[in-house]
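See below for the structure under consideration.
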Amino acid sequence: MSVLGVYGVKRAASLIYYGLHAMQHRGQEGCGIVSVNERGEMNRHRGKGLVSEIFNEQKIAELDGELAIGHVLYTGAASRSMDNIQPLFFHHGSGDFAVANNGNIVNAAKLRSWLESKGSLFHSMTDSELLAHLIKKECSEEPRIYAIIEALNLLEGAFAFLIMTKNRLYACRDRHGLHPLSIGRIGEGYVVASESCALDTMGAEFVRDVEPGEIVTIDHKGLRSSFYSQERKCKMCAMEYIYFARPDSDVDGCNVHAYRKESGRRLFKEAPADADIVIGVPDSSLSAAQGYSEESGMPYEMGLIKNKYVGRTFIQPSQDLREKGVKMKLSAVRSIVNGKRVVMVDDSIVRGTTSRRIVNMLREAGATEVHVRIASPTMTHPCFYGVDTSTLDELLLARMSVEEACKAIGADSLAFLSYDSTLKSAAGRTDMCLACFDGNYPTALFQSIEEANK
Ligand code: SF4
């Protein structure tokens, strides 16, 4: 998922449109934009599908104004009904407002039942609606920021909320800093985005990241900062560096391509393989493969090609069609891998099915040996913070040893990056969330891992 907000720029919705395009890799299930026109009215357009499928020139033109927020919904988000496509907007006597979020609140179920017991009725399963109810649970004459601070203090888990009123934008990041949120400047206006690559696309200059536990208020007075919590940590999600973010993005000050390249270098030092060429699984593993190649002296080759024009996968009823589905997305380059001992670098192993198919594809194309090197540790725990890494039962390395997994995917050898190197590949970082690799969740979970598995 990702959020995007623009304040004080003409035709804000068209800028959001370009920015959401740049962050399409963070969610393909649905998207939406809400804007505020010069009369202070909010207009929204949203739908299921890619940004290019949902919006056209006319739809964007209807969303006039200098203030807007947008959202793309992740494929793995819990519920895909239209009601859950964000941003949501709410009518209220004190003024309309809109909310969008990237993340997952782990105590949401408890808070929802508490609110329902007091009479709240929910339209969606989103944390954005939960936040809206919490902000408005008491009708107070105090400035809205107090209600926001109070509401955020009730939440546990990962969030990057954008709250938009008719003349103000609030950007709020959870106190553990689990997901990124960057601020940019464009002329006299501001942009807030889940990933810095969106700022570049929109022509905005990076200003700084929203800090863990911070609420940044943007309005005609400029930019102001407050903190909803003093208990703050820097637990950025390791998967942002490993898999999720675009290589041209900087996450908490560390460039994603540089991180992946360094992880590839370290991977070779920790798990060298004797082979002829190094290849990466496109797109997220190419930087790590380059790092592995540079450190090892083995040539980096383009042994796998991704078909960029395959959109979201369709329902594939049979095994045969599933295999074809993978081949539609990815092809082995026979002239490169034929007769070669190949090191195949990938970012992670989740269920292991894709790794098995790719290893098989490389052997069919003539590779004599396939050594799989993974630029992250063994994934043994599910994520509770909004990243769809799979359930406990489905995680291959939660069920079997590395040796067994090597056999299961049909590789000649298999090795993973250490925890230490996963952290140290991010220059200057001393901490991050590695919970899906070691089970040390930075927050209480409010449910057991087994319950979440059901
Ligand atoms: S559990 Fe894994 S995927 Fe989830 S936030 Fe932590 S590192 Fe990221």
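Quick rundown of the values:
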{"read-out": "Shape call, segment 2-233: gyration tensor on alpha carbons, a/c limit 1.5", "value": "rounded"}
{"read-out": "Order of Ser120, Ser293 - criterion: other Cβ atoms within 10 Å of each residue's Cβ, fewest first", "value": "Ser120, Ser293"}
{"read-out": "Cleavage-rule hits, trypsin sites (Lys or Arg not before Pro), segment 211-305, DSSP coil, Cβ neighbours within 10 Å at most 13", "value": "Lys221"}
{"read-out": "10 Å beta-carbon shell around Asp209, net charge (K/R +1, D/E -1)", "value": "-2"}
{"read-out": "Dimensions (Å) - the chain, Cα atoms, principal axes, largest first", "value": "72, 46, 45"}
{"read-out": "26 Å Cα-Cα threshold exceeded, pairs from Lys137/Lys235; Lys306/Lys340; Lys269/Lys340; Lys48/Lys306", "value": "Lys137/Lys235"}
{"read-out": "Extended-chain gain in nm, criterion 0.36 nm per residue less alpha-carbon gap, Asn167 and His92", "value": "25.5 nm"}
{"read-out": "Difference of contour (0.36 nm per residue) and Cα-Cα distance, Glu394 to Lys110", "value": "99.6 nm"}
{"read-out": "Asp276-Tyr18 pseudo-label distance in nm [points 7 Å out on the Cα-to-Cβ vector]", "value": "4.6"}
{"read-out": "Cα-based shape type of segment 1-136, given that a ≥ b ≥ c are square roots of the gyration tensor eigenvalues and the cut on a/c is 1.5", "value": "oblate"}
{"read-out": "Sparse-neighbour loop sites [trypsin sites (Lys or Arg not before Pro); segment 11-109; at most 10 other C-beta within 10 Å; DSSP]", "value": "Arg39"}
{"read-out": "Euclidean distance between Cα centres, segment 325-396 to segment 1-30, Å", "value": "31"}
{"read-out": "Where a label projected 7 Å from the Cα of His123 along Cα→Cβ would reach, residues of segment 42-67 with amide N under 15 Å", "value": "42-47"}
{"read-out": "FRET efficiency, Thr430 to Ser229 (Cβ-Cβ, R0 22 Å, nearest 0.05)", "value": "0.65"}
{"read-out": "Euclidean distance of C-alpha centroids, segment 95-159 and segment 224-302, integer Å", "value": "35"}
{"read-out": "Farthest toward positive dipole pole in the chain [+1 Lys/Arg, -1 Asp/Glu at C-beta], among Gly352, Ser401, Gln86", "value": "Gly352"}
{"read-out": "In nm, spacing of pseudo-spin labels at Val402 and Asn440 (7 Å Cα→C-beta vector)", "value": "1.9"}
{"read-out": "Shape of segment 72-137, Cα gyration tensor, a/c cut at 1.5", "value": "oblate"}
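Read-outs: derived from the displayed coordinates by stated rules, not from any lab. Since we're looking at a predicted model, the values are computed, not measured. Methodologically, a virtual Cβ is constructed for each residue, glycine included, from the backbone with ideal geometry; neighbour enumeration extends over all protein chains shown.
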